[in-house]
Structures are given as structure tokens and as C-alpha cells.
Amino acid sequence: MSDSHCELTILMPCLNEAATVAACVQKAQKFLLSAGVNGEVLVADNGSTDGSQKLALAAGARVAQVPTRGYGAALLEGIEQARGRYIIMGDADDSYDFSNLGDFLDRLREGFPLVMGNRFEGGILPGAMPPLHRYLGNPVLSFLGRLFFRVPVRDFHCGLRGFARAPIQALNLQTSGMEFASELVVKAALANYKIAEVPTILAPDGRGRPPHLRSWRDGWRHLRFLLLLAPQWLYLYPGLVLLVLGLVGTLAILPGPLSLGPFKLDIHTMLYFGVAAGLGMQMCFASLFAGAFGRHLGIFPKGSIPDWARGLFTLERGLVLGILVFLTGLGGATYSLIYWEATGFGNVDPSRLMRVAIPSSLLMTLGVEIALASFFLAFIEFIGQSKGKGEDQR
């Protein structure tokens, strides 16, 4: 079948699925025939040693050999070799019903670039999902995905999903492991793609062996990926909390000891407030750095945090602000030195001296951070402009 006449590719990643791959292919072929769809079944084999390739071919599938190991690697190569305008992907372990894909295809034909299955809405049959995944892993990671990326997907890791091939290829997907499932949804959300959900039934797999998924390892890889692409949640929001808390606490103790019920906060507490403020400032700048790099690399869309920060926080403004903050702190440090000199550089009242020295040191540190961060943000912007000019010339 020529590429131009193939509407749908049903794609199955496969690694030693001899017990189930033929049944999955047959169900997919049945759907194509009953729905009258011009399509194909493509098995992306990831190096099976149990004869899965021959069984898939005998059942009527086309087989793509994928030497690079990994769930994501198999799917990326499968997407590359697919002939269909649309792709519906699902595991070859017989946990999904490939003969019932009509709702997915309908949503794709309506124009949704990505259609996700929802196992929690469709139904999870007894024994189909371990309790750890059902009640902790999937709900928590799906919640974080919705929170971080404002995407209305309630089952981030459903293995049955459909998408339009061209828009998904434009996302430049790269992960080779299980975190591919998160990357597909996250990058679609960042690109502002419309995403639909379809109730999906999950049945116990028929492979008769342990799954390839490793709960804690792969769960961490999913969480790690979500955090990498959400610098505002990883850096900015916690950083702002620490910065505000540190500054407010330092100012509250500046006039003298502060009593909160049975607790007395003095210069020792002020020191920790100062550390919190400094760390918070660094985290805020880390968010801006990550966001700026991500925007220039095409990961984050325009309108993200670095865009409005670029206009508000230019190099010149940052330098002026940093110098002013540093000089304010230097003034306090000078006052501390004069006070110490008045005692003949001998013993001093630490409560009085440190009440000035701690905020002065904090302000000098913050001033230097602001100035250096301004230069680094300007450097990132310069790289982005140079890259853009180079692409225009090509």
C-alpha cells in the first residue's frame, strides 16, 4: 500500500511478545477490515529473541527492526517508518483491545492531534494493574502533569493512544525509555495541541512473564522528565517562597529580637533567613536560565516566563539594580567596620554587630547574583539571536 493511500497505522512496540503479538495483530487487522479503513499494522520489534517477528509477519503485520533498546526508541522508529496519516499505538501484550479503536479514529478525524486513552474511566479489569501503579504511581504523576502543564489528561501513561503523524513528528521527540509516554503528552501540551481522551479498558496482559516496566526506576524517569520541562515548578515557585520568607524574616529581626510565643528569634535565626533568601534568588534565576534556553531550543513556546522577563529584566536594568543592591549592602558592611574600629578592633556586642553584618552580606551577595545573572541572560539571548540569523541565512 502506498503512503498516500494509507490513512491509519496501528503501531505496536514489541520485545519478546511471542505469546500475544499474533493475537494483537489479528485484532488490529479485524478493526481495519470492519471499519473499512485503508491502513496497516506495524510491529516495531526491539530485538526479540523468541520469534515474535515471524509470528507478527505471519499474522499480517509489517515489521520494523529497531536495534536501539527502549520503549521510546521502538516507538520513534515505528513513527518514522509508519505510512499512515494517523497512528494508533499500543502494547503488543494483549492488554488493549485493538479491534475496538473506532473512538480513537473518530477523534483523530475530527482534528485532534493527540487522543489519549483513559483506563481509569474505561475500566481496569482485576489483575490488570498493580495496586502501586493504580493508586499511587499513575494518579500522582498524572496529577503533576496536569498541574505543571495545564493539560486535561487524567491518565498520562495509558499505552493506548492515537495521534496525527506529522504534528507529532514536528515535536522532535527524543527519549528512548519509558518516559517517552510523558514526553509525548508534555510536548504536545507545550505546543498547545488540542488533546482528547477516550475511555479505554485495560485487561491483564497475556505474556505470562514479568513486564518490562520497573516501577520505581521508570516512575522516577517519568517524574524526572516532568520536572526537567517545568522549570517554574522546579525552581521559580519554591525559589520565590524562600526569597520572600528569607527577606521578610531578616527584616523582622533587624530592629531587635522577635518573640513568637515561646520562641525567640534573634541573629542566629536571621542567619538562616539570609541563607534562604540567597538560595531562593539562585533558584529564581535558574528558572529564567532554563526557560530561556528551552525557548531558544524550541522546547518552550513564546509567551513563557523568559519572554516577559526579558522585557522586564534587561541587562542594563539588571546591572543598575545589582549595583544598587550591592552598594546598599556595602554601606551596611562599612558601618559594621566603623563600629568595630570604634572599639579598637577588640571585643564587640555580637547581637548589635551581626544584626547589621548579616543583612549587609546578604545584600552584597544578592547584588552580585543579579548583575552576573543579567549578563548570563543576555548571553543566552545573544545565542538565540545568532542561531536565528544562521537559520535564516541557510
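The values are calculated or read from the model by the stated rules, or taken from the named source; none is laboratory data. All values reported here derive from a predicted model rather than from experimental measurement. Methodologically, a virtual Cβ is constructed for each residue, glycine included, from the backbone with ideal geometry; neighbour enumeration extends over all protein chains shown. All accessible areas refer to the heavy atoms of the entire protein, side chains included, with ligands and DNA or RNA removed. Shrake-Rupley method; radii C 1.70, N 1.55, O 1.52, S 1.80 Å.
Residue 27: net charge of surrounding residues, Cβ under 9 Å, Lys/Arg +1, Asp/Glu -1, itself excluded?
Working: positive: 30; negative: 94, 97.
That works out to -1.
Treat every Asp and Glu Cβ in the chain as -1 and every Lys and Arg Cβ as +1, leave all other atoms uncharged, and give the resulting dipole magnitude about the Cα centre to the nearest 20 debye.
Numbers: 34 positive and 31 negative charges, 33 e Å.
Here the chain has a charge dipole of around 160 debye.
When the dipole is taken about the Cα centre of the stretch 76-227, and only Lys, Arg (+1) and Asp, Glu (-1) are charged at their Cβ, what size is it in debye, to the nearest 20?
Numbers: 19 positive and 16 negative charges, 83 e Å.
About 400 debye.
Find, among the trypsin sites (Lys or Arg not before Pro) in the stretch 9-75, those assigned to loop by DSSP (not H, G, I, E, B) with at most 15 other beta-carbon atoms within 10 angstrom. Can you show the working numbers first?
Values: sites: 27, 30, 54, 62, 69; in loops: 69.
Sites meeting the loop and neighbour criteria: 69.
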Legend entry - Local net charge near residue 154, Cβ-Cβ under 9 Å (Lys/Arg +1, Asp/Glu -1): -2
Inset, instruction - Could you tell me which trypsin sites (Lys or Arg not before Pro) in the stretch 76-151 are loop residues by DSSP with no more than 11 other beta carbons within 10 angstrom of their beta carbon? - result: 150
Inset, instruction - Mind sorting out which of [x] 24.6; [y] 21.9; [z] 22.7 is the real Kirkwood radius over Cα pairs in Å computed from the coordinates? - result: [x]
Inset, instruction - Per residue of the stretch 70-83, in order, report the coupling 6.51 cos²θ - 1.76 cosθ + 1.60 (Karplus, θ = phi - 60°) as ³J(HN,Hα) in whole Hz, putting x for Gly and Pro. - result: x, 4, x, 4, 4, 6, 4, 5, x, 4, 5, 8, 5, 9
Inset, instruction - Could you check what % of the DSSP bridge pairs in the chain are antiparallel, to the nearest 5? - result: 30 percent
Inset, instruction - In whole angstrom, note down how far apart the Cα centers of the stretch 1-60 and the stretch 335-365 are. - result: 76 Å
Legend entry - Cα Rg over Rh - the stretch 41-178, Kirkwood: 0.96
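Could you provide, to the nearest whole Å², the per residue accessible area of the stretch 187-268 with probe 1.4 Å? Can you show the working numbers first?
Numbers: 4840 Å² over 82 residues.
Accessible surface, normalised per residue, equals 59 Å².
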Inset, instruction - Could you let me know the centre-to-centre spacing of the stretch 209-263 and the stretch 72-117, using Cα atoms, in angstrom? - result: 37 Å
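Extension gain residue 5-residue 65, at 0.36 nm per residue separation less the Cα-Cα distance, in nm? All intermediate terms of the calculation are to be shown ahead of the outcome.
On the way: separation 60, 0.36 × 60 = 21.60 nm, distance 2.34 nm.
Full-extension gain reported as 19.3 nm.
Summarise the accessible area of the stretch 118-260 (1.4 Å probe, protein heavy atoms) by the percent that is carbon and sulfur. Present the calculation step by step, with values, prior to reporting the outcome.
Details: 4600 of 7050 Å².
That share works out to 65 percent.
If each residue of separation counts as 0.36 nm, what is the full-extension length gain between residue 80 and residue 258 once their alpha-carbon separation is subtracted? Please report the intermediate quantities before stating the final value.
Numbers: separation 178, 0.36 × 178 = 64.08 nm, distance 6.47 nm.
57.6 nm is the gain from fully extending residue 80 to residue 258.
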Legend entry - Positive dipole terminus of the stretch 96-183, leading residue within 98, 153, 122 (C-beta point charges): 153
Legend entry - residue 265-residue 35 pseudo-label distance in nm [points 7 Å out on the Cα-to-Cβ vector]: 6.0 nm
Legend entry - Heavy atoms of residue 372 accessible to a 1.4 Å probe, total area in Å² rounded to 10: 110 Å²
